[in-house]
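Visitor: Here it is, the structure, as structure tokens.
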Amino acid sequence: MISDLWYKNAVIYCLSVETFMDSNGDGVGDFEGLSRRLDYLAGLGVNAIWLMPFQVSPGKDDGYDVADYYNIDPRYGTLGDFVDFTHGCKQRGIRVLIDLVVNHTSDQHPWFQSARSDPNSPYRDWYLWSKKKPANADEGMIFPGVQESTWTYDEKAGQYYFHRFYEFQPDLNTANPHVQAEILKIMGFWIQLGVCGFRMDAVPFVIAEKGADIKKPKEQFEMLRTFREFLQWRKGDSIILGEANILPKDNIKYFGDDGDRIQMMFNFPVNQSLFYALASGDTEPMVAALEQTREKPHTAQFGMFLRNHDELDLGRLSEDQRQAVFAAFGPEKHMQLYDRGIRRRLAPMLGGDQRRLELAYSLMFSLPGTPVIRYGDEIGMGDDLDLPERNCARTPMQWSDEPQGGFTTSDKPVLPVISKGPFGFEHINVAEQRRDPESLLNWMERLIRMRKEAPEIGWGDYTVLDPVKPGVLAIRYDWRNNSVLIVHNLKPEPVEIHLDVGCGEHGNLLIDIADSESSEADGKGRHRLLLEAHAYRWFRVGGLDYLLRRTEL
Ligand code: GLC
């Protein structure tokens, strides 16, 4: 059945093993600790986990510099612990996605070590070399201000090598058939150990033509089809969720005309304009971004998100819009990063105001796609701006008010636990919020339930209703004779709207999913709704016979 496509109606929770839960008191999170917390995640209602890199790595880019694709960093446990973890997930109906970082390796990877030391090494051609410094060596840096070049001279090799990211991350020559075969082997390995797919790192760079004389690299999209085909053969329900911050006009090339390339991509244009909407109350650019990313094959899906483990990249907003977001959420220089973004977590950006946090998550969960949240989001964790670059938003999970937030019994956690101040573990922790029915944690659990019970959002067609007042966004989703309507008021003041749901008599009755309040239309088929400041309302349209109609699925 088509509704078997689990990723169309899932809630994905991203976490790093290293900072989630330490079981053996060495200060570093591990798989055993994570396994012990699976009931917590199941209780929250997430049905997929995305694990950030956990393979052997010198850890100079938080694991995005892999030195052995077939083993886990011993600090996190053993492959046995990993399989225990994937099994534990399976028992609870949770799927596991893992990061697949194959655009580059660590410079410590034996392939690179062999390639640089011997021109005749079988691995020489797994990387990109140049005798002379290429003319464009000082262009295309991903981390401006920190990264100096994209070609660096290697003494041992006597040549320059290409690195799109930091200099300790040499790019793999992904056009080399041996490299491609190895990528499939890596995917096959982890699939065999129980994972259900991959968050593919840096997809546009993985598939780009690379080399010293490439001026305008073309993407080799066929590669994506090869990856997908392989996965489908090995495990039918496994997927690729691509990290591709691209222009909307290129989306279809990544999904494939017939949906034969990657199944999912993060929706970066909507992410950026969503922050602009939160900053300004102006929803128009977001509606435009939704429109631009509307078209996709039936089986494809967008990942919707607010903050991730990287900086909030605002590079695709106009200058004025970007400045508005900086002014609202990251006015100080040390809150910004790489000349294009903000490195803070969401809760401090919104001043820890639960009402605004609820608005932001409700909005993100109700956009056309699959919501992806980050560990700690569910309790409103903060950041530590004393930590360098993106590390500020990667601090350990805050479980309780015990020392180190209950993350570890060691007094030397891998990264400092946020302590003191409004976001310190003393106030912001799972144990405390679990006891309070009105906490963000319990609210998030209800939101997740609500989202999972509204498959129209993941599957259906949507209509942005018009006209509504500025700052108000009303979206109706229709799927299999069912509809939901979700209304947000992004402004800090209350507003009254008169809304035609736009689906005839069926739209005369609205049942509030969260509050079990209903609204009946007036004689002209319009609903008078009073929205509080920063209000969010989720309605089922037509109400009563909903359950009956659901059985037609
Ligand atoms: C992706 C990751 C980022 C990492 C980079 C290099 O953009 O999200 O964290 O630094 O790739 O692998």
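Visitor: Considering the zone a paramagnetic label at ASP68 would reach in this model (a point 7 Å from Cα along the Cα-to-Cβ line), which residues of segment 186-211 have amide N under 12 Å from it?
Guide: Residues passing the 12 Å test: none.
Visitor: Treating only the Cβ of Lys, Arg, Asp and Glu as charged (+1, +1, -1, -1), what charge dipole size does the chain show about its Cα centre? Round to the nearest 20 debye.
Guide: So the magnitude is around 860 debye.
Visitor: Report the calculated FRET efficiency for GLU496 and ARG446 (r = Cβ-Cβ distance, R0 = 41 Å), to the nearest 0.05.
Guide: So, using R0 = 41 Å, E works out to roughly 0.95.
Visitor: How many angstrom lie between the Cα centre of segment 129-205 and the Cα centre of segment 245-296?
Guide: Each part reduced to its Cα centre gives a spacing of 26 Å.
Visitor: Then there is this: Looking at this model, which pairs from LYS132/LYS218; LYS249/LYS296; LYS133/LYS156; LYS185/LYS235; LYS60/LYS333 are more than 19 angstrom apart at the alpha-carbon?
Guide: Long pairs (Cα-Cα over 19 Å): LYS132/LYS218; LYS60/LYS333.
Visitor: Next question, about the same structure. When the accessible area of segment 460-550 is split by element with a 1.4 Å probe, what percent falls to carbon and sulfur?
Guide: Carbon plus sulfur share of accessible area: 50 percent.
Visitor: Around SER483, which amide H atoms from residues at least 5 apart in sequence, or from another chain, sit under 5 Å from its own amide H, with H modelled in the peptide plane?
Guide: Under 5 Å from the amide H of SER483 lie the amide H atoms of VAL541, each far enough along the sequence or on another chain.
Visitor: Over the chain, give the accessible area per residue in Å² for a 1.4 Å probe, as an integer.
Guide: Per residue, the chain has an accessible area of 40 Å².
Visitor: Counting DSSP beta bridges in the chain, what percent are antiparallel, to the nearest 5?
Guide: If I count the DSSP bridges inside the chain, around 60 percent turn out antiparallel.
Visitor: Under a crude label model (7 Å from the Cα following the beta-carbon direction), how far is LYS185 from ASP4 in nanometres?
Guide: 3.1 nm
Visitor: At 0.36 nm per residue, and after removing the present C-alpha to C-alpha distance, how many nm does the segment from LYS412 to SER114 gain when stretched out fully?
Guide: 103.7 nm
Visitor: Roughly how tilted is helix 440-452, in degrees to the nearest 10 and between 0 and 90, from the longest Cα axis of the chain?
Guide: 80 degrees
Visitor: For segment 84-161, what class follows from the C-alpha gyration tensor (a ≥ b ≥ c being the square roots of its eigenvalues): rounded when a/c is under 1.5, otherwise prolate if a/b is larger than b/c, else oblate? Working shown, then result.
Guide: Working: a/c = 3.97, a/b = 1.88, b/c = 2.11.
Oblate, because a/c is 1.5 or more while a/b does not exceed b/c.
Visitor: Once R0 is set to 56 Å, what does the formula 1/(1 + (r/R0)^6) return for the Cβ-Cβ distance between GLU139 and ASP512, expressed as a FRET efficiency to the nearest 0.05?
Guide: The pair GLU139/ASP512 has a calculated efficiency of 0.60.
Visitor: Determine, from the Cβ-Cβ distance of THR78 and ASP258 and an R0 of 35 Å, the FRET efficiency 1/(1 + (r/R0)^6), rounded to the nearest 0.05.
Guide: 0.25
Visitor: Turning to a different aspect of this structure: Considering the Cα trace of segment 31-126, what is its radius of gyration and what is Dmax, both in angstroms?
Guide: Both quantities, over Cα of segment 31-126: 16.4, 55 Å.
Visitor: Taking 0.36 nm per intervening residue step and subtracting the Cα-Cα distance, what contour gain separates ASP436 from ARG92 on full extension?
Guide: Details: separation 344, 0.36 × 344 = 123.84 nm, distance 2.52 nm.
Taking ASP436 through ARG92 to full extension adds about 121.3 nm, to one decimal.
Visitor: Hey, another quick one. So for the pair SER121, ARG480, with labels modelled 7 Å out along Cα→Cβ, what separation do we get in nm?
Guide: In this crude spin-label approximation the distance works out to 5.4 nm.
Visitor: Let me ask you something else. In nanometres, what is the gap between the two model label sites at ASP213 and ASP401, each 7 Å from Cα along Cα-to-Cβ?
Guide: 6.9 nm
Visitor: Over all pairs of distinct alpha carbons, what does the Kirkwood formula give as the hydrodynamic radius of the chain, in Å?
Guide: For the chain, the Kirkwood estimate is 24.5 Å.
Visitor: Give the cross-link partners of LYS420 among the aspartates and glutamates, using a straight C-alpha distance below 17 Å as the criterion and excluding same-chain residues fewer than 8 apart.
Guide: ASP383, ASP384, ASP386, ASP401, GLU402, ASP411, GLU432
Visitor: Roughly what angle does helix 222-234 make with the longest principal axis of the chain, taking Cα atoms, 0 to 90 degrees, to the nearest 10?
Guide: That helix lies at roughly 80 degrees to the long axis.
Visitor: If one takes the longest principal axis of the Cα atoms in the chain, at what angle in degrees, from 0 to 90 and to the nearest 10, does the Cα axis of helix 268-280 lie?
Guide: Between the helix axis and the principal axis of the chain, the angle is about 50 degrees.
Visitor: Which value does Rg/Rh take for segment 426-538 over its C-alpha atoms, Rh per Kirkwood?
Guide: 1.02
The values are calculated or read from the model by the stated rules, or taken from the named source; none is laboratory data. Because the structure is predicted, anything quoted here is derived from the model rather than measured. Don't worry about glycine lacking a Cβ; one is built from the backbone with ideal geometry, like all the others, and counts go over all protein chains shown. For accessibility, only protein heavy atoms count, side chains too; no ligands or nucleic acids. Shrake-Rupley method; radii C 1.70, N 1.55, O 1.52, S 1.80 Å.
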